[in-house]
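Here the structure comes first, spelled out in structure tokens, and everything after it is commentary.
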């Protein structure tokens, strides 16, 4: 049976699914089909495995047990499970941030050959936020002090994380009042795991409030540190052209694909790939050069800072291997399907894992650390070149498309002439109705890229500026929304504004941790207006999310005051209380709520309605939706 | 249907179950029965809810799917689930430790009225381990520095936790070699949550190794800090007589029961209960005084340091309320069944929750903090006294038994004359064959107290010294093993040694976090012999465990080199690789393994065999078992 048209809207995806069917190689959609029907208890969040008096299940129809062995009811069980999802998501982002801080510390000590401080201006600016005097100091000395101060944010001694001071004063006061101001990044995750242990927090409201704090420790802590330190080390992104989709692979070159989330490994791989010695070696082996491409957020990191081409997002990761053109895939961590090595085994692709915290069956493990990364990168790129000779049939089904990436907040403000005011003016004038962040993953439960692309299309044609990150950003790039000419898809006001600024109507803000760039921009806009983020005509959406990180992102975005729509339903439907709090009750608490709407057409209507409503409350012109 | 004889071996338990049946009040056993059959996928560890591409299930019979949507197989799914259990257990203990460090810091700043440094000798000793000079400083100044240094252990900057230096040098070297030396307490928990996110660590071995590191950050970190700081603040335990079982409740007094794990609240409650003003008030209300009793580990904390009587362990917590004699139950956190307030609603018991991280439906929340705890304790004790008038029928079914608690390592060494040598001599001479720690919870899957008591009986009659903690310690106290006369149950050698020292053959080592006292003693013995812990004739057992904390304890005990038997099977049977590694393979890695044996008679044979085998390897006389 061929499903390639129902699984994805993308041409490269459809053709490669067809190829994998004919190659008889299993895909994520096959495994998803094999799991049907998925367990209803788990899906509703009503199963509990927190202790071995259980496992327990609450009957959603009210006929079987309504509580677990300990007495926990549906509300508690659902809230505990959700709290742990957020804890894992926050931990993943924050541990990623920690790794960057450790590289920064190693650079300061001159123990990380190949790494350097690239953006000293940003180094000084962030150091000042941590109260570090920078006058007359060498960048390395400042970096050392900054790394030390950032490590303190992970600990247990602080009352408030340093970068929460970037939030509007009103928002900070609200967090203090609610007792959800994050104190320590790891601390909040540990406390989440403690609270969800049997017999600790059995208040579903207090659990969920702590989850907001835990998520804020990600958004205004771990992820924000990850982004800022990545910029300091590897450069703050500026708009630059790139290419996207499976067509970025080249039949006549050695294709090295990097996949994962952390730029620490891929930056060194990029440096190795651009060495003349390597090009020469590749040519000796019959290739016309070395072609470095990205996947997922490691790809986004390189795309944002260096214009490295992007082969695809989450659900493309298996398909890209099936081109037969990938001589090596180098992975770091997060969202790397363990299935990849099985797919690679059907072709010639050499799979390399690089992180001490992420091994995969069937991959060769080459462990990268700050002190050896430069050398290891050379080793693996050489091995990739050697593997070129082992290629079988190659099938690169499409030509690549153009796109522009690199919209850091600094770049956006610079494009606006040095201040966010022109953007605010355009919003006040109603040319731009508002802005929406479209973020998150792919999920086989949603037709691949359909959620992202449809929602984006509907928003820009209604004069809503879209900023995007992660797999959503890749989807929108592949849909052709990230070139200046894409203003043709925009409504008249947005077309005018973007046209005059020569920017696309859909701005690539980076990887998943870079969602914090959206927070920083939103805070800057609110500060400029002297108001809170929750008053702005903004919205967020994760139309195809799948991961725990996405839940943490959604939670910190909502806790920061931005209305957010999830595509797939999180496993909470077993508790009407939890659903009600998240989708309605939070409005009174943090001035924003979640909504769940898998149909992007309907999600677009919800966002347009929300933005017009926010405009009305701000005293701006508003329309009925 | 009456099950009271099949549910528990205890007389008070049987009679109170009968009463609850006749009162038509639901018990934990009823809820356990209602959950049958429990989900086989969850029970085997084969269900995965880590992302919303799932939920997924691996078919244990090999007929259905063998991998989740991402491609994770049974090994990865089982290992990830176990890793998260250990993370939650480690987080619970360590967050408890953090709370004590915060009280220590508040005492140092004179911001915790009612709290004080009680054991300055221990304060100085522990401070020295943290490299803090103590000469000529006031205790409060030292406490401030120690709290600060301990907070550093929770963070991200250290390479090794301070108290790991207590482990034998060989063991420390092994941890370094295996790369499982814990670096930061919260850090290891966060990294566990990161590694178990979709697409991060898919090596089941590397996941489990990290779990050992995470557990070590509990045993030689969070829990050890909890115990040491509790001793510094509230006194290092010394042997003292007490009373145990439901009979400690008094029909003619105001009964205040404290339940949970952290002594911070209960110490203040104890102080309030002993005020003359309170006694007077109680007498005015028609009571003959105020009777403070403990449950579970909060009870153990008070029992160890002050001889406060112990009403029961985990599965007794509902039944104690059914006596109708409990005027107030004050809970802090961990292992507090949310069902308790439903039971309390059927009697007159007033339920008070006290921690900002642990709320319960149906309880009154009176939040204790270091700065207000003394005052809040007065308030709640007064409310307990007021509630005496609301009592209905009271049924205290048994008379209390005598027991002796308070065996800190310091107390044991003191009883031995100031050095552990006499204990080693008795072991070398074969009078004592070895020692076993019996620890952990109750679980309705095992007949209440049967596992603990049967195993203890078999071990002491075979000349194996038993030290116990937590619910196991309460079970053994209720069985009459904790009086000097209990040497009648011991074999001839143990009887001789304990008789001459005038100690019971079963030594109460404290609460669950106090399992670290076992580590400290084991390390001291190994250091005295110039060997590693794994060479000693020691074993551990958790015959009736139920909680994630118990899994963390088991993991740090095994990673410290002590063979450990679990009663109930953890949810790992879905992966033969994981089972094999934990029960066999770990021997080569850390010199100890887990075993699973729900039948305590068989567990006793396993432990005896292990201890005789260890004796043989040490060149001591040994017997066939």
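The values are calculated or read from the model by the stated rules, or taken from the named source; none is laboratory data. Please read these numbers as outputs of a predicted model, since none were measured by experiment. When we count neighbours, we look across all protein chains shown, and the Cβ atoms used for this are built from the backbone with ideal geometry, even at glycine.
Annotation note: Cβ proximity below 8 Å between a residue of the stretch B:258-286 that is over 19 Å from residue B:329 (Cβ atoms) and a residue that is in a helix (DSSP H, G or I) (sequence gap 6+ or interchain) occurs for B:275/B:378; B:281/B:382; B:281/B:385; B:286/B:388; B:286/B:389. Entry remark, the stretch A:502-531: residues being closer than 30 Å to residue A:308 by Cβ and either at pLDDT below 95 or not in a helix (DSSP H, G or I) (or both) number 13 in total.
Filtering the stretch A:396-422 to residues that are at pLDDT 95 or above, surrounded by 16 or more Cβ atoms within 10 Å (Cβ to Cβ) and assigned to a loop (DSSP other than H, G, I, E, B) leaves A:396, A:397, A:398, A:400, A:406, A:407, A:408. Only helices (runs of 4 or more DSSP H) whose full extent lies in the stretch A:544-621 are considered here, and the ones with at least 3 residues that are over 30 Å from residue A:337 (Cα atoms) are A:576-580, A:586-590, A:600-617.
Can you confirm whether residue B:368 is touching a strand residue (DSSP E or B) at 6+ places or on another chain (Cβ under 8 Å), more than 14 Å from every other protein chain (Cβ to nearest Cβ), in a loop (DSSP other than H, G, I, E, B) and crowded, with 24+ Cβ neighbours inside 10 Å? Yes.
Answer yes or no as to whether residue A:187 is part of a helix (DSSP H, G or I) and either closer than 30 Å to residue A:507 by Cα or away from chain B (no Cβ under 14 Å) (or both). Against the criterion (part of a helix (DSSP H, G or I) and either closer than 30 Å to residue A:507 by Cα or away from chain B (no Cβ under 14 Å) (or both)), residue A:187 does not qualify.
Of A:266, A:211, A:274, all but one fail to be away from chain B (no Cβ under 11 Å) and closer than 30 Å to residue B:318 by Cβ; the exception is A:211. Among the residues of the stretch A:75-94, none is identified as farther than 25 Å from residue B:544 by Cβ, more than 28 Å from the chain's Cα centre (by Cα) and at the interface with another protein chain (Cβ under 7 Å from one of its Cβ atoms). Among the helices (runs of 4 or more DSSP H) confined to the stretch B:1-74, the ones with at least 2 residues that are under 21 Å from residue A:48 (Cβ atoms) are located at B:28-34, B:40-44.
For residue A:198, are the conditions met, namely being under 30 Å from residue B:261 (Cβ atoms), outside any helix (DSSP H, G or I) and not assigned by TED's automatic domain parsing to the domain that holds residue A:523? Spelling it out, residue A:198 is indeed under 30 Å from residue B:261 (Cβ atoms), outside any helix (DSSP H, G or I) and not assigned by TED's automatic domain parsing to the domain that holds residue A:523. Among the conditions (1) more than 8 Å from chain A (Cβ to nearest Cβ); (2) not in a helix (DSSP H, G or I), residue B:156 misses just one, which is (1). Within the stretch B:297-340, the residues that satisfy the criterion of being assigned to a loop (DSSP other than H, G, I, E, B), more than 19 Å from the chain's Cα centre (by Cα) and within 13 Å of another protein chain (Cβ to nearest Cβ) are B:338, B:339.
Here residue B:107 fulfils each of the conditions (1) without any contact (Cβ under 8 Å) to a residue 60 or more places away in the chain; (2) crowded, with 18+ Cβ neighbours inside 10 Å apart from (1). Note on the stretch B:159-191: residues that are under 22 Å from residue A:183 (Cα atoms) and surrounded by fewer than 22 Cβ atoms within 10 Å (Cβ to Cβ) amount to 1. Among the conditions (1) free of Cβ contacts under 8 Å to residues at least 60 places away in the same chain; (2) under 19 Å from the mean Cα position of the chain (by Cα); (3) surrounded by fewer than 24 Cβ atoms within 10 Å (Cβ to Cβ), the only one that residue A:252 does not satisfy is (2). Total residues in the stretch B:33-74 satisfying the condition of being touching a strand residue (DSSP E or B) at 6+ places or on another chain (Cβ under 7 Å), surrounded by fewer than 24 Cβ atoms within 10 Å (Cβ to Cβ) and more than 8 Å from chain A (Cβ to nearest Cβ): the figure is 1.
Might you let me know whether the stretch A:436-445 holds any residue that is in contact (Cβ under 8 Å) with a residue 24 or more places away in the chain, over 24 Å from residue A:563 (Cβ atoms) and either part of a loop (DSSP other than H, G, I, E, B) or away from every other protein chain (no Cβ under 14 Å) (or both)? I'd like the intermediate steps shown before the answer.
At the first step, the residues of the stretch A:436-445 found to be in contact (Cβ under 8 Å) with a residue 24 or more places away in the chain are A:436-445.
Among the residues that remain, those that are also over 24 Å from residue A:563 (Cβ atoms) are: A:444.
From what is left, the residues that are either part of a loop (DSSP other than H, G, I, E, B) or away from every other protein chain (no Cβ under 14 Å) (or both) are A:444.
Scanning the stretch A:436-445, I find at least one residue that is in contact (Cβ under 8 Å) with a residue 24 or more places away in the chain, over 24 Å from residue A:563 (Cβ atoms) and either part of a loop (DSSP other than H, G, I, E, B) or away from every other protein chain (no Cβ under 14 Å) (or both), so the answer is yes.
Scan the stretch A:255-266 and give yes if some residue there is outside the structural domain of residue A:381 (by TED's automatic domain parsing) and outside any helix (DSSP H, G or I), otherwise no. Checking the stretch A:255-266: not a single residue is outside the structural domain of residue A:381 (by TED's automatic domain parsing) and outside any helix (DSSP H, G or I). Of the residues screened, residue A:534 is not one that is out of contact with any helix residue (DSSP H, G or I) (no Cβ under 9 Å at 6 or more places or on another chain) and either outside any helix (DSSP H, G or I) or more than 22 Å from residue A:245 (Cβ to Cβ) (or both).
Inspection of the stretch B:343-364 finds a residue satisfying the criterion of being surrounded by 24 or more Cβ atoms within 10 Å (Cβ to Cβ), touching a residue at least 60 places away in the same chain (Cβ under 8 Å), outside the structural domain of residue B:509 (by TED's automatic domain parsing) and assigned to a helix (DSSP H, G or I).
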